[in-house]
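Student: One structure coming up, written as structure tokens, with questions to follow.
The values are calculated or read from the model by the stated rules, or taken from the named source; none is laboratory data. Computed from a predicted model, the values in this text were never measured in an experiment. Neighbour counts run over all protein chains shown; Cβ positions are idealised from the backbone, glycine included.
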Amino acid sequence: MDQLKDAIRAYVVAEYVQDSARAIEDCTHLISSGIVDSFSMVSLKRFLERSCQIAIPDRLATPEASDTIEQIAALIRRIKPAA
């Protein structure tokens, strides 16, 4: 199991998933499918920065770079390799 991906998934499900039967996988499109909107992106970014103790530059926090749990985890690992 990947603890980083699990933490991201748990936050997304708790905060943004209205349908409790909806499965969120590592490759589920969060933004392009409408699970996470532009306002939610801000709170997700803040959660990631606090929980991972990093600063995510705005230029890297794009919808294209943050559409799946896999992409978000990869972004965090680029910023903080030990994550």
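A quick yes/no check of all residues on (1) farther than 23 Å from Lys80 by Cβ; (2) of a type in the set (Phe, Trp, Tyr):
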site	(1), (2)
Tyr11	no, yes
Ile31	no, no
Gly34	yes, no
Ser40	no, no
Lys45	no, no
Gln53	no, no
Asp58	no, no
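Student: Something else about it: Scan Gln18, Gln3 and give me the residue that is without any contact (Cβ under 8 Å) to a residue 60 or more places away in the chain and within 20 Å of Lys80 (Cβ to Cβ).
Tutor: Exactly one of Gln18, Gln3 is without any contact (Cβ under 8 Å) to a residue 60 or more places away in the chain and within 20 Å of Lys80 (Cβ to Cβ), namely Gln3.
Student: Pairs needed: first member in the stretch 60-72, free of Cβ contacts under 8 Å to residues at least 12 places away in the same chain; second member anywhere, of a type in the set (Val, Ile, Thr); C-beta distance under 9 Å; at least 6 residues apart or different chains.
Tutor: Glu64/Ile31; Ala65/Ile72
Student: In addition: Can you pull out every residue in the stretch 28-82 that is under 18 Å from Ala14 (Cα atoms), among the hydrophobic types (A, V, I, L, M, F, W, C) and assigned to a loop (DSSP other than H, G, I, E, B)?
Tutor: Leu30, Ile31, Ile35, Val36
Student: Restricted to the stretch 25-43, and to residues that are modelled with pLDDT of 95 or more and hydrophobic (A, V, I, L, M, F, W, C), which residue is farthest from Leu4 (Cα to Cα)?
Tutor: So, considering only residues that are modelled with pLDDT of 95 or more and hydrophobic (A, V, I, L, M, F, W, C), the one farthest from Leu4 (Cα to Cα) is Leu30.
Student: Then there is this: For the stretch 9-31, does any single residue satisfy the condition of being polar (S, T, N, Q) and crowded, with 16+ Cβ neighbours inside 10 Å?
Tutor: Checked against the condition, which is being polar (S, T, N, Q) and crowded, with 16+ Cβ neighbours inside 10 Å, the stretch 9-31 yields at least one hit.
Student: Is it true that Ala55 is out of contact with any strand residue (DSSP E or B) (no Cβ under 8 Å at 6 or more places or on another chain), buried (at least 18 other Cβ atoms within 10 Å of the Cβ) and of a type in the set (A, V, I, L, M, F, W, C)?
Tutor: So Ala55 fails the test.
Student: Okay, moving on. Could you give every pair whose Cβ atoms fall below 6 Å, whose first residue belongs to the stretch 26-39 and is farther than 17 Å from Ala61 by Cβ and touching a residue at least 24 places away in the same chain (Cβ under 8 Å), and whose second residue is surrounded by 13 or more Cβ atoms within 10 Å (Cβ to Cβ) and among the basic types (Lys, Arg), counting only separations of at least 6 or pairs across chains?
Tutor: From the stretch 26-39, the pairs are Asp26/Lys5.
Student: Determine whether Ala61 is under 12 Å from the mean Cα position of the chain (by Cα) and surrounded by 17 or more Cβ atoms within 10 Å (Cβ to Cβ).
Tutor: yes
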